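Asker: Please see the structure below; I have some questions.
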Amino acid sequence: MTEFHHVSVLLDECIEGLAIKPEGIYVDGTLGGAGHSSQIAPRLTTGCLIGIDRDEVALEAAGKRLAPYADRVKLVHSNFCRIASILQELNIPGVDGILLDLGVSSPQLDDGSRGFSYMTDAPLDMRMDHSDSLSAHTVVNTWSYEELKRILFEYGEERYAPQIASAICKRREAAPIQTTLELVEVIRSAMPAAALREKQHPAKRSFQAIRIAVNDELNAVAKVMEDAIPLLNPGGRLAVITFHSLEDRIVKNAMAAAAKGCTCPPSFPVCVCGKKPKVKLITRKPIVSGEEELERNPRARSAKLRICEKL
């Protein structure tokens, strides 16, 4: 098993954006190796940090890293989309900040045995939480052609989705596709020569799509954005890092809707819906990594940070 060491993206920007109060209650909904949380916990005195992660390997690593602050840290093995239920179970009615880093952590990608990587041969898995029943093996070998085509196109933005879905269905008729590199071979076989010469690995988009489907990532993001804002105390902040356009669109639209309030058609002379803004946008445009961070961590290139504050 690979040691869980993850380079946190936009670390300083997140800490500054959360405007941490020593007595505040904060939630790191994607704890990972506690990169961000290791900077939040020391800033608390009488406050509390709740760290949530669906990956038990990450939780174990985070627990060790946060051990000096054990008196103010509570770790929870769960999906961040359950944030409302988790806080209810902990008898916490409101919090002063929520951080969500929606990227797949480097250890998950780099540990070949997890099945996330198209560079290492491993059983098709891709589950962030091993207690989940759905794996990449199930998706690849049992989902219909139409469903495979849909997720490849929608989640991977893969322009050769029909060809790849067809190739997967044809190959699995002979025998189940068992490993990551078997799947890479099938994907390659479905793509034209010009696509194979592109800089990006030919399987990158397909693997992203299957991973999103396995972990139900987009529905989880939509749910947490719906639940997180009501959980903030006045002045509390929600900071979200996204890594691809599908997630960013959900986050951007949810924050914009909460900041707008009124849902009346523009043609109405006065508001009749009575909905008031719930937040103010701290970031009109997303914060992105600077050149110095990109030199240290090229994976930060697609990261976007958006922050809003509860009114």
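Asker: Quickly work out the SER302-to-GLU56 label distance, labels modelled 7 Å from Cα along the C-beta direction, and quote it in nm with one decimal.
Answerer: Result for the modelled spin labels: 3.0 nm.
Asker: Sum -39500 (n - 2.57) across every DSSP H segment of at least 4 residues in the chain, then divide by the residue count to get the 222 nm mean residue ellipticity, nearest 500.
Answerer: On the way: 14 runs with 129 residues, N = 311.
After summing the helix terms and dividing by the residues of the chain, the value is -12000 deg cm²/dmol.
Asker: Could you work out how far apart the two model spin labels at VAL7 and ASP216 are, taking each label as a point 7 Å from the Cα in the direction of the beta carbon, and quote it in nm?
Answerer: 3.4
Asker: Now for a different question. Can you work out the FRET efficiency for the pair LEU90 and ALA193, with r the C-beta to C-beta distance and R0 = 45 Å, to the nearest 0.05?
Answerer: Working: r = 56 Å, r/R0 = 1.24.
So, using R0 = 45 Å, E works out to roughly 0.20.
Asker: In degrees between 0 and 90, to the nearest 10, how far off the longest principal axis of the chain does helix 204-215 point, with axes built from Cα atoms?
Answerer: Rounded to the nearest ten degrees, it is 60.
Asker: Net charge near LEU10, counting Lys/Arg +1 and Asp/Glu -1 over other residues with Cβ under 13 Å of its Cβ?
Answerer: Numbers: positive: ARG296, ARG299, ARG301, LYS304, ARG306; negative: ASP12, GLU13, GLU16, ASP101, GLU292, GLU293.
Net local charge, LEU10 excluded: -1.
Asker: In addition: Dividing the alpha-carbon Rg of segment 1-98 by 2.2 N^0.38 Å yields what? Walk me through the numbers before you get to the answer.
Answerer: Details: Rg = 12.5 Å, N = 98, 2.2 N^0.38 = 12.6 Å.
Segment 1-98 yields a ratio of 1.00.
Asker: Provide the FRET efficiency to the nearest 0.05 for the ARG43-SER166 pair, computing r from the beta carbons and using R0 = 51 Å.
Answerer: Calculated transfer efficiency: 0.45.
Asker: Considering only protein heavy atoms and a 1.4 Å probe, what is the carbon-and-sulfur percentage of the accessible area of segment 131-174?
Answerer: Details: 1210 of 2360 Å².
After summing per-atom areas, the C and S share lands at 51 percent.
Asker: Which percent of Cα-Cα pairs in segment 43-146 sits in each 5 Å bin, short to long?
Answerer: 2, 10, 17, 19, 18, 13, 9, 6, 4, 1, 0
Asker: Right, next: Only Lys, Arg, Asp and Glu count, each charged at its Cβ (+1, +1, -1, -1), so figure out the dipole size of segment 204-243 about its Cα centre, rounded to 20 debye.
Answerer: Roughly 240 debye, rounded to the nearest 20.
Asker: Now for a different question. Using only the Cα atoms of the chain, what semi-axes does the equivalent ellipsoid have when each is the square root of 5 times a gyration tensor eigenvalue? Give whole Å, largest first.
Answerer: Details: eigenvalues 246, 120, 62 Å².
So the equivalent ellipsoid measures 35, 25, 18 Å along its semi-axes.
Asker: How much length, in nm to one decimal, is gained on full extension between ARG150 and GLU292, taken as 0.36 nm per residue of separation minus their Cα-Cα distance? Let's see the in-between values first.
Answerer: Numbers: separation 142, 0.36 × 142 = 51.12 nm, distance 3.78 nm.
Extra length from ARG150 to GLU292 when fully extended: 47.3 nm.
Asker: Report the gain in length on full extension from GLU16 to SER267: 0.36 nm times residue separation, minus Cα-Cα distance, nm rounded to one decimal. Could the numbers behind the result be given before it?
Answerer: On the way: separation 251, 0.36 × 251 = 90.36 nm, distance 3.96 nm.
Difference between extended and current length: 86.4 nm.
Asker: Using only the Cα atoms of segment 120-243, what are the Rg and Dmax in Å?
Answerer: For segment 120-243, the Cα radius of gyration and maximum Cα-Cα distance read 16.9, 59 Å.
Asker: Give the peptides 218-228, 194-204, 265-275 in descending order of average Cβ contacts within 10 Å, highest first. Spell out each step's value before the answer.
Answerer: Values: 218-228: 19.4, 194-204: 12.4, 265-275: 8.8.
Highest to lowest by the protection proxy: 218-228, 194-204, 265-275.
Asker: Next question, about the same structure. Please compute the modelled spin-label separation between GLN200 and THR179, points set 7 Å along Cα→Cβ, answer in nm with one decimal.
Answerer: Here the modelled spin labels are 2.7 nm apart.
Asker: Oh, and also: I want to verify a result. In a Gaussian network model of the chain, Cα cutoff 10 Å, which of these has the top mean-square fluctuation: ALA213, ALA193, ALA161?
Answerer: Sorting by GNM fluctuation, first place goes to ALA193.
Asker: Counting only protein heavy atoms, what percent of the accessible surface of segment 1-76 is carbon or sulfur at a 1.4 Å probe? Each step should come with its number before you reach the end.
Answerer: Details: 1680 of 3360 Å².
About 50 percent, which is the carbon plus sulfur part of the accessible surface.
Asker: Taking only Cα atoms, what is the 0 to 90° angle, nearest 10, from helix 245-260's long axis to the longest principal axis of the chain?
Answerer: 20
Asker: A further question follows. Report the one residue of ASN219, LEU281, ILE229 whose Cα lies farthest in the direction of the positive end of the charge dipole of segment 192-311 (charges on C-beta: Lys and Arg +1, Asp and Glu -1; origin at the Cα centre).
Answerer: So the residue we want is LEU281.
Asker: Give me the 1.4 Å probe accessible area per residue for the chain, excluding ligands and nucleic acids, in Å².
Answerer: Working: 14880 Å² over 311 residues.
With the other protein chains kept in place, the chain gives 48 Å² per residue.
Asker: Give me the three principal axis extents of segment 190-283 from the C-alpha atoms, as integers in angstrom, largest value leading.
Answerer: For segment 190-283, the Cα spread along each principal axis is 58, 33, 23 Å.
The values are calculated or read from the model by the stated rules, or taken from the named source; none is laboratory data. Just so you know, these numbers come straight off a predicted model, no measurement behind them. No Cβ is skipped: glycine too gets one built from the backbone with ideal geometry, and neighbour counts run over all protein chains shown. SASA here: full protein model, heavy atoms, side chains in, ligands and nucleic acids out. Shrake-Rupley method; radii C 1.70, N 1.55, O 1.52, S 1.80 Å.
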